1. Only one of 364, 372, 408 is modelled with pLDDT of 95 or more and either under 33 Å from the mean Cα position of the chain (by Cα) or in the same structural domain as residue 306 (by TED's automatic domain parsing) (or both). Can you tell me which?
2. Could you list, in sequence order, all residues of the range 430-466 that are exposed (fewer than 14 other Cβ atoms within 10 Å of the Cβ) and within 8 Å of ligand 1 (Cβ to nearest atom)?
3. Exactly one condition in (1) touching a Gly at 6+ places or on another chain (Cβ under 9 Å); (2) of a type outside the set (Asp, Glu); (3) within 24 Å of residue 333 (Cα to Cα); (4) away from ligand 1 (no atom under 11 Å from the Cβ) is not met by residue 400; state its number.
4. Give me the residue from the range 350-383 that is farther than 16 Å from residue 329 by Cβ and more than 15 Å from ligand 2 (Cβ to nearest atom) and, out of that set, surrounded by the most Cβ atoms within 10 Å (Cβ to Cβ).
5. In the range 206-221, which residues are exposed (fewer than 13 other Cβ atoms within 10 Å of the Cβ) and modelled with pLDDT of 85 or more?
6. Tell me the residue from 397, 409 that is away from ligand 2 (no atom under 16 Å from the Cβ) and acidic (Asp, Glu), please.
7. Is the range 18-32 home to any residue that is without any contact (Cβ under 8 Å) to a residue 40 or more places away in the chain, in a helix (DSSP H, G or I), closer than 17 Å to residue 85 by Cβ and basic (Lys, Arg)?
8. Could you figure out which of (1) free of Cβ contacts under 8 Å to residues at least 24 places away in the same chain; (2) charged (D, E, K, R); (3) surrounded by 21 or more Cβ atoms within 10 Å (Cβ to Cβ) isn't true of residue 420?
Amino acid sequence: MPDSARTILIVDDREQNRYIASRILRDAGYLVDEGCNGREALEKVLREPALVILDVRLPDILGYEVCRRIKDNPKTTNIPVLLVSAAFTSSESRVQALDVGAEAYLLQPLEPTVLIATVRALLRLRQAESESRLAARQWQGTFDALAEGIALLDSEWRVLRCNRGMTKLLGKTYGEIERREIRTLLREELKVPLTATELPYYSGDVKRERQWFSIRMEAVKDGDRAAGAIVIITDITERRLAEEALRATEKAAAMGRLANSIAHEINNPLEAVTNLLYLLKSGTHDRETTELIEMASVELDRVSRITKQTLAFHRESSHAIEVSLPELIDGVVTLYSPQFNQKSIRIVRRYEGHPAVPGFPGELRQVFSNLLRNAMEAIPQGGQITVRVRQSGDWKDPSRGGARVTILDSGTGMSGETKRNIFEPFFTTKELKGSGLGLWLSMGIISRHKGSITVRSSTKTGCTGTCFSLFLPGKGTVAANAA
Ligand code: ADP
Ligand code: MG
């Protein structure tokens, strides 16, 4: 403990008074410092003594005023002040002493036992105060170290206190949060309309722009009565994203399994029909019948290719396989053709050669499904979507070979602002109809395939539309007979 913490500052203009007080305190084991006027008191108090004994009637500045200045200075405000007076003995002066912040008031002449008892009481009080301030600081420190936003509410559901996490989550200062009613706060900052009956037990998840928050409330009980509540707000955006990504992957996997079992079921009758056709072909028929049988075989061939491909896709989904992009895209287009027809959207496909890349067919199907769906959603009624697939080098690094897919639509196009945000998770201009995850997921898939996506878009009247261009690395082609 520094000496200052055990030192008592005695300020009196009469030397005799100082001497007596000094003597009493020294005898009781305290260190003593002395001052003889207000100016000196204000100077010496800066050394932070444990306590100040201050005479009311000083020659330069009145003791009350000295006390007020000590209390006004943040550095000295916690030092207890004991005012001592001989001349002003009315109860009014006692009141005045307390008014300026003095902790105690004694009359001259000082009775040694009373002085010592008072000094001890004041020092104990100071010690207790400093301990509780420390506890409060430790508590606030802990409170602030938590990443969650936490607020304590009073019994009328107003914020009593909140932590730094809360100020960060809401982008507000402590002053802008504290004392506000929680329902107003949540309604204005997070658009959560809470009814009075939901207090103090509300719990739910909300979305604000591109962030997700979970809000939990707990009552603070005083007996049976809720004396207040604790509100905890957590940013759960990361968790939501992980969940959504998992759900999408699971959906794709489930679709793959379904396609696989259908292909499996089709395979047996298919083989039977193929054999029957073969038998038919070996008989003698007129020309027309022979042609019809030939056409039927070609179509049947196509079907069996599709089922084989589907089975192959599914079997090897745990590692990359050679994926024929035209075939994969054809599958997706077939899936959406009822919707394209309904909106009178024409699909133009331009496949050059047989571009193929190593990849995960289930995931790539999801990408093209997202892109085609977005294109379709951007076209109000009657329009065109052109899909081009060709072998190509990477525009950024022409030494890398691969395939390029462009999907061009005659839809509404997008503003610069929209274009800047489309790959952000949860960004959507479709309000409740969109999840805002399609392009974010697609970007993730394409990155895993070491490819890239670029986009161009126009909103100029007469030539609105959007073009997504995708590069996927690979040797870029498969032999025609393997397709
Ligand atoms: P969602 O389709 O659920 O909104 P996406 O991530 O698929 O989410 O797309 C994000 C946003 O990008 C869409 O809301 C839309 O504003 C814009 N967008 C995507 N594709 C197109 C397109 N072909 N034409 C116009 N806008 C598009
Ligand atoms: Mg979409």
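The values are calculated or read from the model by the stated rules, or taken from the named source; none is laboratory data. The shown structure was predicted, so the numbers you read here are calculated from the model rather than taken from an experiment. Methodologically, a virtual Cβ is constructed for each residue, glycine included, from the backbone with ideal geometry; neighbour enumeration extends over all protein chains shown.
1. Answer to the check: 372.
2. Within the range 430-466, 430, 433 meet the criteria.
3. So residue 400 meets the others, but not (3).
4. Looking at residues that are farther than 16 Å from residue 329 by Cβ and more than 15 Å from ligand 2 (Cβ to nearest atom), I get 383.
5. 221
6. Unique residue meeting the criteria: 397.
7. Yes, the range 18-32 has at least one match.
8. Going through the list (1) free of Cβ contacts under 8 Å to residues at least 24 places away in the same chain; (2) charged (D, E, K, R); (3) surrounded by 21 or more Cβ atoms within 10 Å (Cβ to Cβ), residue 420 breaks only (3).
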